[in-house]
Amino acid sequence: MTSTDRNPPHPHHAFVFRTAHSRDGAALWHLVRDTRALELNSPYFYVLFATDFGQTCLVAEAPDGRLAGLVIGYVPPTQADTAFVWQVGVHPDFQGQGLGLQLLQQWWALPALSTCRWLTATVADDNTASRALFERFAREHGRPCERRPHFTADLFPIDHPAEPLLRIGPIDRGRPVPV
Ligand SMILES: CC(C)(COP(=O)(O)OP(=O)(O)OC[C@H]1O[C@@H](n2cnc3c(N)ncnc32)[C@H](O)[C@@H]1OP(=O)(O)O)[C@@H](O)C(=O)NCCC(=O)NCCS
C-alpha cells in the first residue's frame, strides 16, 4: 500500500464503538463480504456469534450508521487469560487510516476481556495487512508478537492455507493505553 492508495482520514471520534448484538449479525456478514479478503462464513454463524459472544465482539459505526469495522472474538473456554481475535475487518472505504488499530484497542478494553493478558489470532502468511496490524498492536503495548504453527493446512477439508498463531503478551492491564 502506498500513501496515495490510502483513504482520506476520518477523525476517530466520528465512529461509535460498541459491542454487538443479534441484530448486527446480518451487517457483520455484509461487512466481512465487502472486505473481499476475509473468509466469509454463513450468515447463521454471524448471527450466532453476535448473539452468544456479543460482549466480546466490537463494531465501529460510521456517522451515517454504516458498519465501518468489526472485531469478532471470544475467550477460549480453556484459556481465561486469552482473548482470541477470530476476524478483524475494516470496510474498504475506511481502511488505511488507523481504524483497524483503534478497533483492536477498543476491543481489548472491553469489560468482558478484562481478565485477559494475551491476545491471539491466526493469520495466513499472505495476509500482510493483518500481520502489520497485530504487530503494530504489539508495539503499542511494548510486547513481542510471536508466531508459531497452529492450524496446519492438512487440518482443513478443502484447499486452505495454514493459519499460524500470533500471540501477543503478557500485557499489563495496569498500564493505561490510549484508545
Ligand atoms: C487488516 C485491516 C483490518 C487493517 O485495518 P486498517 O484500518 O486498514 O489498518 P490501520 O490503518 O489501523 O493500520 C494498522 C497497521 O496495518 C498496516 N496496514 C494496513 N493496511 C495495510 C496493507 N494493505 N498492507 C500492509 N500494511 C497495512 C498499517 O501500515 C499499520 O501499520 P504501521 O502502523 O506499522 O504502519 C484491514 O486492512 C482489513 O480489513 N483488511 C481486510 C480483512 C483482513 O485481512 N482482516 C484480517 C484477517 S483476520
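Is the range 58-179 rounded, prolate or oblate when judged by the Cα gyration tensor, a ≥ b ≥ c being the square roots of its eigenvalues, rounded requiring a/c under 1.5 and prolate requiring a/b larger than b/c?
Oblate, since a/c reaches 1.5 and b/c is not below a/b.
Please report, in whole Å, how far the alpha carbons of the range 40-98 spread along each principal axis, starting with the longest.
That works out to 38, 26, 20 Å along the principal axes.
Please pull out the direction-averaged projected area of the range 73-118, using the convex hull of its alpha-carbon atoms, in nm² to one decimal place.
Here the figure is 3.3 nm², rounded to one decimal.
Say each of Ala80 and Ala14 gets a label point 7 Å from the Cα, pointing the same way as Cα to Cβ; how far apart are those two points in nm?
Using points 7 Å along Cα→Cβ, the separation is 4.2 nm.
Show me the helices of the chain, taken as full DSSP H stretches, that run 15 Å or more along their long axis by Cα and average -0.5 or above in Kyte-Doolittle hydropathy.
Length and hydropathy pass: 25-35.
Once fully extended, how much extra length lies between Leu155 and Asp93, figured as 0.36 nm per residue of separation less the alpha-carbon to alpha-carbon distance?
Between Leu155 and Asp93, full extension yields an extra 18.9 nm.
How much mean residue ellipticity at 222 nm does the chain get from its helices, if each DSSP H run of length 4 or more adds -39500 (n - 2.57) and you divide by all residues, to the nearest 500 deg cm²/dmol?
It lands at -7500 deg cm²/dmol.
All of the numbers you see were taken from the coordinates with simple rules; none came from a lab. This one's a predicted model, so the numbers in the text were calculated from it and none came from an experiment. Note that we place each Cβ from the backbone using ideal geometry, even for glycine, and neighbour counts take in every protein chain shown.
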